[in-house]
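Just below is one structure, and these are the notes that go with it.
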Amino acid sequence: MKPEQDRMLRRTGCRNTASDAVRSHQDQALDTTMFLIRSCGPAAFLLRENGEARDLKVCLGDPHTCSCSVFSREREPCKHICWVLLRKFRLPREHEYSFQPGLVERQLLELLQGLHRAHRTELDASAASGTLGRAVPGPEAGSVCRKVIQAQDVCPICQEELLQKKQPVSYCRFGCGNSVHISCMKVWADHQTPSDQQEMVRCPLCREDFCSVKLLQEQVKNAAKLFTAAERERANKHLGAVCHSCRVCPVSGTCFRCAVCSRFYLCEECVQKGCHSQHPLASRATRRAKWVLVAADPTGDPKGATSEPQPDGAVAELSPSRVLERLPAVRVRPGSQLLNEGLQCRICLQGFSVGQTVRTLPCHHKFHVDCVDQTLLETNSCPLDGFIIYGPLTWRTTQRKTCPTMASSKQQENNVQDLFVPGVALQVLPPRGALNFEVPTSMPQKDATAAGGERQTRAPFTAESGRPLNHDICSRSSKQRAANMAAAAQVREQRQVSLSTESELRMTGVSVNAALKVHKK
């Protein structure tokens, strides 16, 4: 049938370009997650929007119809119709069939034939050869191996690209071996009959047994742990970005970054004040958006002030390789919780295996080292939530990162040696929460009285648990150190006098004990 005849038989008008309403509905369709619950026919589908409890029915024809309120009010292709055309049938937005209010029989047949060739060719070829993913046995008895996820593979329920969406997936264990989003499979299982839900869940592609209901529930529970609080933050909250002028962290609203200075961020308020106007700036509205170069003076003033504080000179800039060295990485061992069903790397969508190295980012996301390291070297942000990993204002240098106990142990030994005086005992009394170093510089009361000397006392040196030991020792003035040395010398002289007195008494044949008794009387 010719296009002229199509126009004569068409009930709705033919359009050459998309209207503003249809463009808006197309944007909403591409930004919304929907689930394909059931196919009621070759051109009729039952959909459910993510977060909604009502099911909607979409029928393609001349004209298109939808059971939503927007279509009933505007009589234009709503976001549900646009989702079927753009997601389900993979039509480009510029294609003439994607914005028409309806499709005639010939156009609809072309659309269906294109879907059949793109979707069923691989399955038919695998079924004819008898492989269909059964070459390598799976972990369960009678299960099949999982097919490798390609760049263009989509979820058959939400029609989103698997590698681009980065959501946890499961695969058909007893049929085709294709991967499906775990959250989509839960919605799919909820719409099956109660008899089917008792033991096994059917695959939406091959209609064979997908997996057991118990296994799917375990995957849903474990997959929820892969989503962190950073992903639930507002999109205009730039996590990890610190304003170099007002030191606010994180930056909210529009974030600006210097195109010359490395990792130099500013908030919108500081930019309006004219901070850092000597260099061009790039901005982004959300943390997942791309940086766009802005005008030289976004405030509109002829010349802005440059009174912002510069980065702390004591904080050294770390190279990307040094940043990776500081991020924690663990090797998966037998019995680790990372081996549970549903836990997987959200970049390659593969589970963790024994012997692999898993890196944890500050936002608590876990990835394979081979998957995430290259991304961090290029973008310095988490590939899931856009969390900025490294910033000079939030990271300390290697010197500040060293352990204070190890750094002060040698100094502590040297200071203890400085306190040692020949002939004087050094007692170490470690009470709870502190270390007390007491030097008994006084002689016994009897000897001090006999020698006529004045008793000398000395307060102990203490170092509380929150402060290094050598801090209190080195903080004494030189006068105190000289006084302590003089007191120690005086003690030595008094002890020498007492020793000489004892030797004289022994030479005369008088015992020391008898002399002490006479002295007491």
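The values are calculated or read from the model by the stated rules, or taken from the named source; none is laboratory data. Model, not experiment: these values are computed from the prediction. Here the Cβ is made from the backbone with ideal geometry for all residues, glycine too, and neighbour counts use every protein chain on show.
Computed values, structure above
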{"quantity": "Residues being of a type in the set (Val, Ile, Thr) and either part of a strand (DSSP E or B) or over 18 Å from His238 (Cα atoms) (or both) - total across the stretch 257-293", "calculated": "2"}
{"quantity": "The lone exception for His364 - which of (1) at negative phi; (2) out of contact with any strand residue (DSSP E or B) (no Cβ under 9 Å at 6 or more places or on another chain) it fails", "calculated": "(1)"}
{"quantity": "For Glu110: the one exception among (1) within 18 Å of Pro42 (Cβ to Cβ); (2) among the acidic types (Asp, Glu); (3) modelled with pLDDT under 85", "calculated": "(3)"}
{"quantity": "Test for Cys243: is it among the hydrophobic types (A, V, I, L, M, F, W, C) and modelled with pLDDT under 90", "calculated": "no"}
{"quantity": "Cross-chain or 6+ apart pairs with Cβ under 7 Å, the stretch 375-388 first and over 13 Å from Ala241 (Cα atoms), then surrounded by fewer than 18 Cβ atoms within 10 Å (Cβ to Cβ) and among the hydroxyl-bearing types (Ser, Thr, Tyr)", "calculated": "Pro383/Thr375"}
{"quantity": "Criterion: small (Gly, Ala, Ser) and in contact with an Asp or Glu (Cβ under 6 Å, 6 or more places away or on another chain) - qualifying residue of Ser252, Ser262, Ser245", "calculated": "Ser245"}
{"quantity": "Failed condition for Cys363, given (1) in a loop (DSSP other than H, G, I, E, B); (2) surrounded by fewer than 19 Cβ atoms within 10 Å (Cβ to Cβ); (3) at pLDDT 90 or above", "calculated": "(2)"}
{"quantity": "Condition check for Ala43: within 43 Å of the chain's Cα centre (by Cα), aliphatic (A, V, I, L, M) and within 17 Å of Leu111 (Cβ to Cβ)", "calculated": "yes"}
{"quantity": "Arg333 charged (D, E, K, R), assigned to a loop (DSSP other than H, G, I, E, B), loosely packed, with under 15 Cβ neighbours inside 10 Å and not assigned by TED's automatic domain parsing to the domain that holds Gln152", "calculated": "yes"}
{"quantity": "Number of the condition not met by Trp83 [criteria: (1) aromatic (Phe, Trp, Tyr); (2) farther than 19 Å from Asp20 by Cβ; (3) touching a strand residue (DSSP E or B) at 6+ places or on another chain (Cβ under 6 Å)]", "calculated": "(2)"}
{"quantity": "Candidate set from the stretch 167-204 (those that are out of contact with any strand residue (DSSP E or B) (no Cβ under 8 Å at 6 or more places or on another chain) and surrounded by fewer than 20 Cβ atoms within 10 Å (Cβ to Cβ)); member that is modelled with the highest pLDDT", "calculated": "Lys186"}
{"quantity": "Filtered residue count, the stretch 213-228, keeping only those that are under 10 Å from His365 (Cα atoms) and either assigned to a helix (DSSP H, G or I) or not β-branched (Val, Ile, Thr) (or both)", "calculated": "3"}
{"quantity": "Any hit, the stretch 216-226, residues being in contact with a strand residue (DSSP E or B) (Cβ under 7 Å, 6 or more places away or on another chain) and surrounded by fewer than 17 Cβ atoms within 10 Å (Cβ to Cβ)", "calculated": "no"}
